[in-house]
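Everything on this sheet refers to the single structure shown next.
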Amino acid sequence: MSFQYAHDMNIVSNPLDVLEDIVTANEWLFERANEDELIVELAGRWCHYRMFFVWQREIGALQFSCQFDMKVPDAKRPDVYDLLAMLNNRLWLGHFDLELQQNSPLFRYTILTRGDRMPKVEILEDLVEIALTECERFYPAFQFVIWGGKRAGEAVAASMIEVAGQA
C-alpha cells in the first residue's frame, strides 16, 4: 500500500494532525471528533473498516484500532475467542480483540512516546498499513468461523493459504 503525505514533523505536537494529513492525502472519509480523536472510514478488499485514533497526551500514547464492518452473533462468541487467541499468536505487532458494545472484531495497537518525541510519519504510515494488512489477511478467518461453521484452527489454516495471482 502506498501513502501520499507531506508535513513538517518539527512543528507537530499532536500526531493526529499528521494522521489527518495522511488521511486527507489518501482521500479517505474522516471525522475529527475533537483535538484528541480521529475517526476514519475506508473500504478494504473484504469490507469497510473504521479506524479510531485517540491521542492521550498526558501519558504520551497514541491508541489505534481498526474495526471490521462485521457483527459476531452471541452464539459464536466462544468460537471467535478461540480464533482471536490463535490469530494473536501469529502477530508481532498489535492484537485482535472483540469490541463488546458493537460485537465487532478489531485490530488494536498503541504507540508510546517519550516527552515531546512524536512518532515519525513513516511510523504512522506503517501503523495503518500493518493494521489494514492484518485485517485483510484474517477477515476470511472470521467469516469462516462466524458464517461458515468452521472451527478456529480450520479457519486460520484456510486464511493462511497464499494465493498466487488473482482470478
Residue check, residue 6 in a strand (DSSP E or B), exposed (fewer than 15 other Cβ atoms within 10 Å of the Cβ) and at pLDDT below 95: no
Residue ID - surrounded by the fewest Cβ atoms within 10 Å (Cβ to Cβ), chosen from residues in the range 75-131 that are touching a residue at least 60 places away in the same chain (Cβ under 8 Å) and of a type in the set (Asp, Glu): 116
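Does any residue of the range 74-97 turn out to be assigned to a strand (DSSP E or B) and either among the basic types (Lys, Arg) or at pLDDT below 90 (or both)?
Initially, the range 74-97 is screened for residues assigned to a strand (DSSP E or B), giving 95-97.
Checking which are either among the basic types (Lys, Arg) or at pLDDT below 90 (or both) leaves us with none.
No.
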Pair list, Cβ < 7 Å and 6+ apart or interchain, from the range 133-156 residues that are within 18 Å of residue 74 (Cα to Cα) to residues that are of a type in the set (S, T, N, Q) and surrounded by 14 or more Cβ atoms within 10 Å (Cβ to Cβ): 141/159
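Residue-by-condition table, conditions (1) part of a helix (DSSP H, G or I); (2) touching a Gly at 6+ places or on another chain (Cβ under 7 Å):
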position	(1), (2)
107	no, yes
119	no, no
124	yes, no
133	yes, no
139	yes, no
143	yes, no
Out of 68, 53, sole residue that is surrounded by 14 or more Cβ atoms within 10 Å (Cβ to Cβ), aromatic (Phe, Trp, Tyr), under 15 Å from the mean Cα position of the chain (by Cα) and closer than 22 Å to residue 159 by Cα: 68
Enumeration of residues in the range 23-81 that are more than 21 Å from residue 125 (Cβ to Cβ) and of a type in the set (D, E, K, R): 35, 57, 58, 69, 71, 74, 76, 77, 79
Test: residue in the range 51-63 that is among the charged types (D, E, K, R), assigned to a strand (DSSP E or B) and free of Cβ contacts under 8 Å to residues at least 24 places away in the same chain: no
Residue tally, condition over 20 Å from residue 65 (Cβ atoms) and modelled with pLDDT of 85 or more, over the range 107-139: 1
Selection count, the range 145-166, where residues are in a helix (DSSP H, G or I), farther than 18 Å from residue 97 by Cα and at pLDDT 85 or above: 2
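Test residue 134 against the criterion of being under 18 Å from residue 159 (Cα atoms) and either in contact with a Phe, Trp or Tyr (Cβ under 6 Å, 6 or more places away or on another chain) or among the basic types (Lys, Arg) (or both), and give yes or no. Give the derivation first.
Values: under 18 Å from residue 159 (Cα atoms): yes; either in contact with a Phe, Trp or Tyr (Cβ under 6 Å, 6 or more places away or on another chain) or among the basic types (Lys, Arg) (or both): yes.
Yes, satisfied.
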Residue in the range 18-35 that is in contact with a helix residue (DSSP H, G or I) (Cβ under 9 Å, 6 or more places away or on another chain), of a type outside the set (S, T, N, Q), assigned to a loop (DSSP other than H, G, I, E, B) and at pLDDT 90 or above present: yes
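The values are calculated or read from the model by the stated rules, or taken from the named source; none is laboratory data. Small disclaimer: the values here were computed from a predicted structure and weren't measured. Note: ideal-geometry Cβ built from the backbone for every residue, glycine included; neighbour counts use all protein chains shown.
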